[in-house]
Structures are given as C-alpha cells and as structure tokens.
Amino acid sequence: MTTQPYNNLTPDLILDAIESIGLQCTGSLFALNSYENRVYQIGIEGSDPLIAKFYRPHRWSNAAILEEHQFAAELVTHEIPVVAPLTLMTDTTLHEYNGFRFALFPRQGGRSLELDNLDHLEWMGRFIGRLHAVGACQPFQHRMRLDVQSYGYQPYQFLLEHHFIPDELKHNYCHAVETALQKIEACFQQAGPIDYIRLHGDCHAGNVLWNQTGPQIVDLDDCLMGPAIQDLWMLISGGTEEERHAQLDHILHGYLEFHDFNPRERHLIEALRTLRMIHYAAWLAKRWEDPAFPLHFPWFNTPRYWQEQLETFKDQVLLLDK
C-alpha cells in the first residue's frame with residue numbers, strides 16, 4: 001500500500017478531475033474534515049457547490065465502492081434521507097482521474113445529533129429501523145463482514161506483525177487482548193443465531209446531520225454486513241448503566257416501529273465495543289505513514305497510549321463477563 005497516498009492530489013489535479021466529467025469549476029476549493037478519504041467543497045459555475053470525495057487508494061475495490069453507492073441509491077428510493085452520490089453529466093457515480101477514484105455529492109447542511117435528547121434518540125431509532133428494513137432485503141457481495149476475525153484477530157495481528165506494541169508492554173497487552181477476544185467469541189456463541197444485514201457500519205453522531213426534517217446520514221463509507229445492534233450502540237452515551245439502558249430503550253422503541261430486533265443482540269454491545277477498539281488502533285497504525293495521521297492523532301503510538309489501551313482492555317475483559 002502506498003504510504004503517502006495523497007501526495008499527488010494537488011488542487012490543480014482536484015479541479016481537473018471535476019472538469020474531466022464535464023463540469024466547470026469556479027476555482028473555489030475548500031478542504032473538509034476527513035482523514036480516511038479526502039473531501040472537498042468545490043465551486044461550480046452557475047450552480048451550487050458540490051462535495052467531492054476522493055477515495056483512499058487501495059482500500060476498497062471498485063465493486064465495493066459501487067455497492068456502497070447502490071445501497072445509498074436504494075435507501076433514497078425508499079425515501080430514507082441519505083446523502084447519495086450524484087451521476088450528473090455521466091452515467092456512473094464513480095469516476096477516475098490520474099489514478100484517483102472520486103464521487104460527487106450534493107452539499108448538505110445541518111447540526112449535530114444531540115445524544116442526550118431522548119426524543120432525538122427515538123427518532124434515530126425509527127430512522128435506523130427504516131434503514132435496516134431495506135438493508136435486510138439482500139446481502140452485500142463485496143463489502144466487509146463484521147465478525148471476530150475481521151474486526152478482532154486480523155487487526156490485532158497487524159499490530160503485532162508491524163511491531164507497534166512496545167516490548168515492555170507486549171506480554172501484558174497480548175494477554176489482555178487475547179483474553180478479550182476469547183470472551184468476545186463466547187459472547188457471540190451465547191447470543192445464538194444472529195441475522196447479518198447491510199448496515200451503516202459506523203453510525204456515530206459525527207455521521208449524522210440533523211435539520212428541520214430530522215436525521216440524515218452523510219457517509220456510508222464503512223457500510224458492511226453485521227448484526228443490527230452495531231448501528232445502535234454507538235448512539236448510547238449515558239454515564240450510568242441505568243442511563244444507557246434508558247437510552248437504548250428509547251432507540252428500540254422507535255426502531256421496532258419499522259423493523260424487528262433480536263433482543264439477544266443487546267448482549268453483544270460490549271463485545272462490539274471491544275472489537276471497535278482493536279480495529280480502531282489498527283486503522284490508525286495502517287495509516288501512520290500518511291502525514292495527516294501523526295499531525296491529527298499525535299497521541300497515538302506513544303508509550304502512554306499503549307499503557308492506556310492495556311488498562312482499557314483489562315476493564316473490557318471484566319465487562320465482557322457480565
């Protein structure tokens with residue numbers, strides 16, 4: 001994988017890429033907050049600005065990206081508010097220019113989701129229930145499957161093989177992570193048969209815009225196959241167990257209006273949270289030679305970071321036993 005994948009993505013190349021599909025740029029270009037991909041607001045002659053997303057090279061196949069786009073279009077067809085890629089002057093949503101793949105989206109405004117607002121959470125439950133009702137209709141063919149291997153063992157092995165764990169912490173860190181992974185496997189076994197459906201995959205507050213019509217999804221870049229609870233648990237932010245239960249109950253009250261929910265999946269929340277921690281550490285590690293990552297995540301890969309990770313995994317091991 002190219003360690004500095006965006007070195008050649010200059011402003012001139014970005015504007016040339018947009019004009020290569022028949023649009024005329026004003027020359028206005030504004031970088032938006034994004035680390036995995038590169039995202040820009042582009043001024044268009046005689047029209048509203050558009051959002052251009054340049055995909056990280058080598059991460060997804062064309063088929064996987066197009067499957068993301070098709071999922072967004074399917075949701076829009078069912079009147080589920082998702083910001084879907086545009087076809088504009090071409091017959092495809094995925095474009096390529098000088099080795100970079102990109103897509104164009106309409107610009108959308110909105111404010112952040114209020115995770116402490118129970119009415120908002122119930123509304124989000126209805127919204128995700130509708131999304132999952134569509135997601136359950138057919139499987140992805142080219143996207144990831146969220147399981148203990150893909151989100152646990154494989155990222156953990158990457159951290160080990162590339163020597164990210166400090167030697168002085170390695171024994172205790174490995175013991176804690178491997179114990180957690182064994183307990184996660186047990187959690188899935190205890191939950192029994194679980195349906196895997198098409199999900200948003202990364203449904204946290206940062207990927208939701210709220211406006212006068214309610215919530216709108218702005219990014220399906222991490223859509224995958226997984227259990228429904230994966231799109232629900234990241235919306236829970238209560239400080240106490242009672243608060244978290246109340247928040248999930250409100251989400252599910254809305255969710256059940258549109259889609260069934262297997263209550264056994266509630267027992268997977270800590271397992272999925274732990275998998276996300278392992279996956280996130282490896283996500284940062286895999287991109288550490290991209291200059292944007294040390295700049296924006298300076299706390300990563302320090303002795304203090306790995307010590308805190310070790311203590312966190314010890315705590316998660318205890319929670320996985322509940």
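Read the figures in this text as sums done on the coordinates, not as results from a lab. Quantities reported herein were computed from a predicted structural model and do not represent experimental measurements. Note that each Cβ is placed from the backbone with ideal geometry, even for glycine, and that neighbours are counted across all protein chains shown.
For the reader, a short list of remarks on this structure follows.
- Here Leu169 and Trp299 are evaluated by their C-beta separation; at R0 = 25 Å the FRET efficiency comes out at 0.95.
- Helix 118-135 axis, angle to the chain major axis (alpha carbon atoms, nearest 10°): 70
- Per-residue Cβ neighbour rank within 10 angstrom, fewest leading, His204, His120, His171: His171, His204, His120
- Straight-line cross-link partners of Lys170 among the lysines, defined as a Cα under 16 Å from its Cα and at least 8 positions apart when in the same chain: Lys314.
- Using alpha-carbon coordinates, inclination of helix 241-255 to the longest axis of the chain, degrees: 50
- Taking label points 7 Å from Cα along the Cα-to-Cβ direction, Ser61 and Ala133 give a separation of 3.3 nm.
- From the coordinates shown, Rg and Dmax of the Cα atoms in Å corresponds to which of [x] 20.6, 61; [y] 20.5, 71; [z] 18.2, 56: [x]
- FRET efficiency estimate (nearest 0.05) - Cβ-Cβ, Thr213 to Thr87, R0 22 angstrom: 0.40
- Loop-located trypsin sites (Lys or Arg not before Pro) in the stretch 63-154, at most 15 other Cβ atoms within 10 Å (DSSP): Arg107
- Zone of Ser34's modelled label, taken as backbone nitrogen in the stretch 207-241 under 20 Å from a point 7 Å along Cα→Cβ: 207-210, 216-224
- Linear extension gain, His162 paired with Thr179, 0.36 nm per residue minus alpha-carbon span: 4.0 nm
- C-alpha long axis of helix 62-77 to longest principal axis of the chain, angle in °: 90
- Other residues with beta-carbon under 10 Å from the beta-carbon of Tyr97 carry, at +1 per Lys or Arg and -1 per Asp or Glu, a net charge of -2.
- Residues Tyr173, Tyr196 arranged by fewest to most Cβ contacts within 10 Å: Tyr196, Tyr173
- Overall form of the stretch 1-108 per C-alpha gyration tensor (a/c, 1.5; a/b vs b/c): oblate
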